[in-house]
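One structure is given here, and the rest of the page talks about it.
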Amino acid sequence: MNAINRRNFIRTSVLGGLAVSFINSSNILAFSQKIASGQKLDPFSSSVAITTGDNRADMAFRALQPYSKQIMQTIGNRRVVLKPNNVSTSIPLSSTHVDTLEGILEFLKSIKKLDNVIIAESPADGPALDGYSNYGYMRLADKYPIKFVDLDQEGFDVLYVFDEKDFRPHPVRYSNVLLNPDSYIVSVARMKTHDRVLATLSLKNIVFGAPIKDVGFAWGANHKEGTKSDKAIAHGSGFRGINYNLYSLAPRLHPHLAIIDGYEGMEGNGPTRGTPVDHRVCVASTDWLAADRVAVELMGIDFTKVGYLNYCYQTGLGMADLSRIEIVGESISTHIKPYRLSDNFEKQMIWMTPAS
């Protein structure tokens with residue numbers, strides 16, 4: 001964790017905010033006391049924590065602290081599944097940084113929920129273990145009692161998705177690790193623009209990490225003949241299809257806890273061909289939609305243009321009205337950094353037009 005030991009790390013996490021801003025640290029403390037005392041938020045509102053800084057692990061740790069009691073109670077005896085966003089096994093900018101994962105693991109240790117934790121992924125282009133190795137994840141096992149899982153090598157359930165070319169349901173194999181009610185799903189996403197749905201954040205990380213591929217499937221020279229991936233089917237053959245499938249699968253495949261690392265985001269032709277944005281923010285919430293909504297705002301993206309998130313809000317899957325989202329920590333307005341959208345942005349907007 002950049003040479004920060006656990007004792008200093010926790011002290012920095014708890015007290016460091018005081019040096020940053022008295023107002024923001026007071027905000028976090030007041031919120032934590034409210035939750036600890038059993039006070040409930042407005043049932044028709046949500047909260048999102050925003051932290052900033054120069055250390056990813058510290059930012060993630062501090063963003064989660066206001067929800068300590070709630071997260072501890074909700075986990076209960078369930079297995080904690082940390083789902084990074086490793087769409088590629090070899091492009092660091094497109095993937096979850098190891099330091100963010102370490103901050104989360106330190107937080108889980110602080111609430112005594114580190115005894116049953118896995119890191120689980122199904123990348124688009126190859127074995128999950130390749131990504132874990134390339135991104136330095138394996139060193140985490142030297143400090144924490146965690147397991148690394150390749151979702152392609154676990155079981156699956158079949159769900160059906162919409163295809164806009166034929167308007168028929170199509171079967172897709174979805175990881176039953178992410179579907180299992182005994183899993184507490186943590187989406188460890190990265191702020192990125194996207195070439196099909198404008199932005200990829202906490203929900204999309206789960207919904208499109210869940211379709212599995214055959215062991216041995218890979219893009220390019222490493223592909224094993226006869227193997228296939230179900231990920232392309234889940235995309236629905238177009239901009240309308242992918243937005244609808246993200247929405248329709250959200251009730252089954254949403255995260256219980258959303259952490260979005262915007263320390264270094266990606267703009268332009270994401271999710272893999274974009275360029276870096278030095279943003280230095282982190283977002284966390286137990287309401288994944290509220291987290292994605294705040295992240296979209298921080299990225300300077302017009303929320304009304306993000307189809308799947310609008311569908312989710314319209315049907316009550318979470319909160320996306322900023323006036324009803326309590327911001328804990330840093331303010332949104334002082335940390336907005338407009339991200340350049342994908343080159344095909346205007347084509348993506350066809351989802352807003354009824355099919356003829």
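The values are calculated or read from the model by the stated rules, or taken from the named source; none is laboratory data. Here the structure is a predicted model, which means the values were calculated and not measured. Using ideal geometry, Cβ is built from the backbone for each residue, glycine included, and neighbour counts are taken over all protein chains shown.
Some observations on this one:
- Checked against the criterion of being in a strand (DSSP E or B), at pLDDT 95 or above and more than 30 Å from Ala355 (Cα to Cα), the stretch 51-62 has at least one qualifying residue.
- Here Arg6 meets each of (1) modelled with pLDDT of 50 or more; (2) surrounded by fewer than 16 Cβ atoms within 10 Å (Cβ to Cβ); (3) closer than 20 Å to Ile259 by Cβ; (4) charged (D, E, K, R) with one exception, condition (1).
- Residue in the stretch 11-21 that is at pLDDT 50 or above and either more than 29 Å from Tyr313 (Cβ to Cβ) or surrounded by 12 or more Cβ atoms within 10 Å (Cβ to Cβ) (or both) present: no
- Helices (runs of 4 or more DSSP H) wholly inside the stretch 248-352 that include at least 1 residues being charged (D, E, K, R): 288-298, 345-348
- Scan the stretch 62-87 for residues that are of a type outside the set (S, T, N, Q), crowded, with 24+ Cβ neighbours inside 10 Å and under 22 Å from Ile206 (Cβ atoms) and the total you get is 7.
- Close pairs from the stretch 301-325: first more than 16 Å from Ala258 (Cβ to Cβ) and of a type in the set (Lys, Arg), partner at pLDDT below 95 and surrounded by 13 or more Cβ atoms within 10 Å (Cβ to Cβ), Cβ under 7 Å, at least 6 apart: Arg324/Ser45
- If the condition is being touching a residue at least 24 places away in the same chain (Cβ under 8 Å) and either among the β-branched types (Val, Ile, Thr) or more than 16 Å from Gly241 (Cα to Cα) (or both), then the stretch 346-356 contributes only Ile350.
- Of all residues making up the stretch 217-258, the number that are touching a strand residue (DSSP E or B) at 6+ places or on another chain (Cβ under 8 Å), over 26 Å from Tyr308 (Cα atoms) and buried (at least 17 other Cβ atoms within 10 Å of the Cβ): 1
- Single residue of Thr100, Thr193 found to be touching a strand residue (DSSP E or B) at 6+ places or on another chain (Cβ under 9 Å), closer than 24 Å to His235 by Cβ and of a type in the set (Ser, Thr, Tyr): Thr193
Yes/no per residue for (1) in contact (Cβ under 8 Å) with a residue 24 or more places away in the chain; (2) under 26 Å from Asp195 (Cβ atoms); (3) among the hydrophobic types (A, V, I, L, M, F, W, C):
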{"position": "Gln73", "(1), (2), (3)": "no, no, no"}
{"position": "Ser95", "(1), (2), (3)": "yes, yes, no"}
{"position": "Lys109", "(1), (2), (3)": "yes, no, no"}
{"position": "Leu114", "(1), (2), (3)": "yes, no, yes"}
{"position": "Ile119", "(1), (2), (3)": "yes, no, yes"}
{"position": "Ser122", "(1), (2), (3)": "yes, yes, no"}
{"position": "Pro127", "(1), (2), (3)": "yes, yes, no"}
{"position": "Tyr160", "(1), (2), (3)": "no, yes, no"}
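- Just one of the listed residues (Arg293, Arg340) is closer than 30 Å to Ser68 by Cβ and of a type in the set (Lys, Arg), and it is Arg293.
- Which numbered condition Tyr174 fails, given (1) farther than 24 Å from Glu267 by Cα; (2) without any contact (Cβ under 8 Å) to a residue 60 or more places away in the chain; (3) surrounded by 19 or more Cβ atoms within 10 Å (Cβ to Cβ): (2)
- Subset of the stretch 209-228 that is at pLDDT 95 or above and not in a loop (DSSP other than H, G, I, E, B) - its residue that is farthest from Val48 (Cα to Cα): Lys213
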